[in-house]
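The values are calculated or read from the model by the stated rules, or taken from the named source; none is laboratory data. Since we're looking at a predicted model, the values are computed, not measured. Don't worry about glycine lacking a Cβ; one is built from the backbone with ideal geometry, like all the others, and counts go over all protein chains shown. SASA here: full protein model, heavy atoms, side chains in, ligands and nucleic acids out. Shrake-Rupley method; radii C 1.70, N 1.55, O 1.52, S 1.80 Å.
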Amino acid sequence: MTENQNGAVFEAITVHNFSEKILEQVIHFHVMKLSGGFFLWVGSSPVLSNLAVSMSSRYDSMPLSTLVMGDPSNTASNSLAQRLAKKTKKQVFVSYSLPTTDSNLSLSVENRIKKELELHPEHF
């Protein structure tokens with residue numbers, strides 16, 4: 001959906017939610033499609049603990065990324081935002097509100113996001 005205002009075209013923000021039981025834990029995913037990018041929240045409870053942003057750069061093959069808020073020692077949001085920005089070529093905001101101690105959980109969550117990207121690219 002687009003809106004034209006004084007000659008400028010604005011895309012509406014769209015929301016897409018999905019959940020899945022991963023390693024005996026229900027994980028919720030919330031995607032807000034923005035103009036030129038998207039916001040992704042991943043968690044099991046409604047908490048916004050870390051927030052990172054990443055975007056492509058013409059000066060480097062790896063997208064730039066930075067932590068906007070949260071614990072700098074927790075790099076899950078930053079890393080995921082960077083990988084998704086590289087894959088989608090869009091600006092990506094990621095809030096990853098899950099424990100990062102289980103690498104199997106992190107890998108399964110990322111694989112579920114990639115599956116959703118393939119099934120529903122219009123939401124990203």
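Descriptive notes on the structure:
- Verdict on ASN111 being over 28 Å from PHE10 (Cβ atoms) and in a helix (DSSP H, G or I): yes
- Pair list, Cβ < 6 Å and 6+ apart or interchain, from the range 77-93 residues that are more than 12 Å from MET62 (Cα to Cα) to residues that are polar (S, T, N, Q) and open to solvent by 10 Å² or more (accessible area, probe 1.4 Å): ASN78/SER65
- One residue stands out among those in the range 50-84 that are open to solvent by less than 50 Å² (accessible area, probe 1.4 Å) and more than 12 Å from the chain's Cα centre (by Cα): the one that is farthest from SER97 (Cα to Cα), which is SER57.
- The number of residues in the range 94-108 that are in contact (Cβ under 8 Å) with a residue 12 or more places away in the chain, open to solvent by 30 Å² or more (accessible area, probe 1.4 Å) and assigned to a helix (DSSP H, G or I) comes to 3.
- Given (1) assigned to a strand (DSSP E or B); (2) in contact (Cβ under 8 Å) with a residue 24 or more places away in the chain; (3) open to solvent by 40 Å² or more (accessible area, probe 1.4 Å), index of the condition HIS16 fails: (3)
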